[in-house]
1. Report P(r) for segment A:1-98: all Cα-Cα distances, bin width 5 Å, range 0 to the bin holding the largest distance, values in whole percent.
2. What do you get for GluC sites (Glu not before Pro) in segment A:33-136 restricted to DSSP loop and a cutoff of at most 12 other Cβ within 10 Å of the site's Cβ?
3. Let me check I've understood the local charge: for B:R20, count other residues with C-beta under 12 angstrom from its C-beta, Lys and Arg +1, Asp and Glu -1. What total comes out?
4. Let me see the pair-distance distribution of the protein assembly as shown: every alpha carbon pair, 20 Å bin width, integer percents in order.
5. Please report the base-10 log of the normalised intensity I(q)/I(0) for segment A:67-142, using a Debye sum with one equal scatterer per alpha carbon and no solvent, at each q in 0.24 (1/Å).
6. Go through A:K125/B:K125; B:K27/B:K103; A:K125/B:K138; A:K142/B:K125; A:K138/B:K27; B:K88/B:K136 and tell me which ones have a Cα-Cα distance over 22 Å in this structure.
7. Roughly what percent of Cα-Cα pairs across segment A:17-157 reach past 26 Å?
8. Which chain A residue sits with its beta carbon nearest the axis carrying A onto B, and how many Å away is it, rounded to a whole number?
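Readers should treat all values here as calculations from the given coordinates under stated rules, not as data from a laboratory. Remember, it's a predicted structure, so these values are computed and weren't measured experimentally. Methodologically, a virtual Cβ is constructed for each residue, glycine included, from the backbone with ideal geometry; neighbour enumeration extends over all protein chains shown.
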There are 2 protein chains.
Amino acid sequence: MNPIEELRYLILAAQREGSRTFTELLKPLGLTTSQSEVLRVLYDHEPLSLIEVGQLLVCETGSPSRLVGRMVEAGLIEQRQSPVDSRKVQLSLTEKGRDSAIKIKDIENHFYGTLTPILEGRPVKDLIELLWIQVKGKPTGKALALRKAKQGESSNA
Amino acid sequence: MNPIEELRYLILAAQREGSRTFTELLKPLGLTTSQSEVLRVLYDHEPLSLIEVGQLLVCETGSPSRLVGRMVEAGLIEQRQSPVDSRKVQLSLTEKGRDSAIKIKDIENHFYGTLTPILEGRPVKDLIELLWIQVKGKPTGKALALRKAKQGESSNA
DNA sequence: CTAAAATCAATGACATATCATTGATTACAC
DNA sequence: GTGTAATCAATGATATGTCATTGATTTTAG
């Protein structure tokens with residue numbers, strides 16, 4: 001098999017299997033992986049408008065109306081109209097949302113911990129660099145770059 | 001940002017961006033990336049039952065009833081009952097399906113060709129090796145391993 | 001042989017993902 | 001200031017993905 005083809009399918013496979021594992025870890029919280037990403041983004045950068053959340057998400061490009069809508073219904077996110085621009089909404093975490101975000105952090109750290117020994121001695125830096133080439137300048141790459149850049153600024157990040 | 005967390009999001013991002021690019025390339029054929037994977041699997045290994053197709057797919061675990069169902073409706077796949085086991089269906093490509101599969105091969109090769117210079121000199125082998133560790137023994141890893149193993153056997157692969 | 005277990009495909013239920021359109025609101029060109 | 005363009009959120013439409021259940025069929029244990 002062509003190595004690039006193999007790489008293509010392996011990236012899909014790794015994404016799916018990682019997602020399956022993480023989904024399992026999130027089950028006690030009753031949250032999906034996408035929902036957990038939204039909670040983490042809001043925890044670090046709230047308040048945000050819908051479009052700003054979208055610009056920070058890797059899991060979904062465009063405006064995550066329905067994803068956020070379900071989380072508002074679930075009492076995780078508070079949504080009000082922006083005082084300065086009535087086109088925008090102001091999204092922030094509820095108490096429940098903040099609690100969940102903190103628990104997600106723990107779960108993530110546990111998840112990363114299980115992966116650490118496997119990655120030991122591997123050229124992780126090179127791999128990160130290689131993947132960055134594929135996403136740089138594209139929506140998901142911009143989202144991730146924005147999150148990395150914002151990390152220093154925020155009080156919660 | 002934790003390198004493992006960065007890697008996690010980069011894999012998701014690379015998968016999404018690659019999929020977006022490939023989707024664009026498939027647009028002239030009116031096919032989705034999942035549909036193209038089914039066509040390629042059937043082209044190489046037909047006839048297959050629904051569950052056998054599922055075991056060879058990375059894009060979807062379990063039995064891809066609805067994915068295949070839409071392709072039968074679209075005239076890409078022929079579906080009949082298995083003569084030996086009436087629980088099973090026999091899936092094979094129609095003329096249209098076979099034509100599409102051949103065109104997909106060309107598009108894939110073009111796609112891989114555009115990636116070749118970018119990956120030149122990069123630790124692609126290391127990345128492939130690392131990703132294999134993540135998926136080995138899991139459904140998508142088994143699917144990919146099966147496809148690699150079957151490559152020598154089949155007349156079409 | 002026959003009852004229980006296993007297999008297979010279809011389908012219900014739910015949550016994404018993606019693209020396009022719509023309607024309200026704001027920014028901007030002049 | 002006003003008409004036009006741009007922005008924002010919501011929603012329709014379509015196709016995935018995932019898990020669970022169901023009903024038909026086959027296998028298997030005895």
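1. Per 5 Å bin, starting at zero, the Cα-Cα P(r) for segment A:1-98 comes out as 3, 12, 20, 20, 16, 10, 7, 6, 3, 2, 0, 0 percent.
2. A:E120
3. +1
4. Per 20 Å bin, starting at 0, the Cα pair percentages come out as 29, 54, 17, 0.
5. -1.02
6. Details: A:K125/B:K125 14 Å; B:K27/B:K103 12 Å; A:K125/B:K138 26 Å; A:K142/B:K125 27 Å; A:K138/B:K27 19 Å; B:K88/B:K136 28 Å.
Those over the limit are A:K125/B:K138; A:K142/B:K125; B:K88/B:K136.
7. 26 percent
8. Closest Cβ on chain A to the axis mapping it onto B, in Å: A:Q15, 2.
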